[in-house]
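What follows draws every value from the coordinates through simple rules; no lab data is involved. All values derive from a computational prediction rather than experimental measurement. With ideal geometry, Cβ positions are generated from the backbone for all residues, glycine too; neighbour counts draw on all protein chains shown.
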Amino acid sequence: MRTLTLLIPPELDGRKVGSVLKNRLRLARGLIARVKLRENGITLNGRRARTVDIVRAGDLLAVEIGDAPSEAPAALPSPEIVWEDEDIAVINKPAGVASHGGGAEPSAADMLASYLGERAHIITRLDRGTSGLMLFAKNAYMTERLRRELHTENLCRRYLALCLGAPEPLRGEVRLPIARASGSCRRCVAPDGKEAATLYETLAASDCASLVRLRLLTGRTHQIRVHMSAVGCPLLGDAMYGSESELIARPALHSAELTLRHPLSGELLQLTASLPQDMRDAAGTLGISLHNL
């Protein structure tokens with residue numbers, strides 16, 4: 001069981017355990033409520049503690065932040081691990097694999113759970129057809145910490161997309177509200193939709209297509225696909241928001257970069273996943289240079 005410990009400093013002398021857990025260790029109220037019911041969920045100097053107990057300078061406070069034990073996941077192929085520690089895992093998801101379960105084929109979450117021997121929590125999900133970096137938390141504590149960082153400077157995601165045509169201007173921001181299309185799983189730009197903003201930069205272009213780097217400032221479903229279609233540059237192979245292509249059997253979108261300030265260590269992680277071969281082949285056929293990728 002993953003346990004977080006804190007040697008109580010002088011400035012916290014006299015505080016309640018619950019206050020220290022919430023304000024210094026930044027545990028969510030719901031997690032505190034769950035772990036305090038465990039036999040050794042919260043301990044002070046090795047003994048079970050209540051949230052109303054008083055801490056003194058030099059005390060050792062410990063709290064279990066791992067999930068409760070569950071049935072071992074089925075044995076599945078291991079995902080490509082890009083980075084991991086006790087609390088976080090980042091994988092490189094191939095196109096055609098769903099982010100989470102519910103289908104006949106194992107999902108990225110299923111494969112990671114099999115690799116870890118326990119369930120992991122998705123922080124950044126990807127469409128089935130999108131390849132690249134996915135961020136997971138290994139426990140409820142880190143799930144809360146990372147979700148607070150989404151769409152801040154501490155957690156930045158950048159994508160690469162092959163688009164039909166090239167956006168004008170070649171770099172800028174698309175800020176258009178997105179809503180669910182009536183009676184469909186599609187999304188659309190609509191005045192009554194939720195705010196959505198995407199930064200983009202054209203890296204290379206040919207007469208008919210372009211390679212664009214994109215950064216999400218918000219996290220709406222299908223956001224990049226909807227926004228690029230709305231500005232007249234749908235993703236290559238995106239039948240839902242553009243048209244099918246003989247060059248690639250999916251929307252040509254790849255989660256290529258993840259920059260993360262680790263909530264516990266403060267370490268700056270700068271992770272990358274190379275452009276997959278199907279996008280490289282399509283770019284070559286379209287005359288788009290990839291010499292810098």
(message) Need the C-alpha centroid separation for the stretch 251-272 versus the stretch 75-123, integer Å.
(response) 16 Å
(request) Go through the stretch 129-159 and name the GluC sites (Glu not before Pro) that are in a DSSP coil and have 16 or fewer other Cβ atoms within 10 Å of their Cβ. (result) E153
(message) How far apart, in nanometres, would the label points at A230 and R38 be if each is projected 7 angstrom from Cα along the Cα-to-Cβ direction?
(response) 4.3 nm
(message) From the helices alone, meaning DSSP H stretches of at least four residues, give me the mean residue ellipticity at 222 nm for the chain, per-run term -39500 (n - 2.57), in deg cm²/dmol to the nearest 500.
(response) -4500 deg cm²/dmol
(request) Counting only C-alpha contacts under 8 Å and six or more residues apart, can you give the relative contact order of the stretch 1-136 as a whole percent? (result) 22 percent
(request) For S19 and L293, compute 0.36 nm times the residue count separating them, minus their Cα-Cα distance, and round to one decimal in nm. (result) 93.8 nm
(request) Could you give the size of the charge dipole of the stretch 80-285 about its Cα centre, using +1 on the Cβ of each K and R and -1 on the Cβ of each D and E, expressed in debye and rounded to the nearest 20? (result) 560 debye
(request) Would you please give the FRET efficiency between R29 and T152, computed as 1/(1 + (r/R0)^6) with r the Cβ-Cβ distance and R0 = 30 Å, to the nearest 0.05? (result) 0.90
(message) Test of understanding: what is the full-extension gain from V189 to T218, defined as 0.36 nm times their sequence separation minus their Cα-Cα distance?
(response) 9.0 nm
(request) Run down the lysines and flag those whose C-alpha is under 17 Å from the C-alpha of K22, throwing out any fewer than 8 positions away in its chain. (result) K36
(request) Would you give the gap between the C-alpha center of the stretch 153-213 and the C-alpha center of the stretch 1-25, rounded to a whole Å? (result) 43 Å
(request) Taking Cα extents along the principal axes in Å as the quantity of interest, determine which of (i) 69, 43, 40; (ii) 50, 43, 40; (iii) 71, 65, 37 was computed from the displayed structure. (result) (i)
(request) Run the quick spin-label model on T51 and I81: label points 7 Å from Cα toward the beta carbon, then report their separation in nm to one decimal. (result) 3.4 nm
(message) Taking the alpha-carbon distance from K138 and a cut-off under 18 Å, which lysines remain once sequence neighbours fewer than 8 residues away in the same chain are dropped?
(response) K93
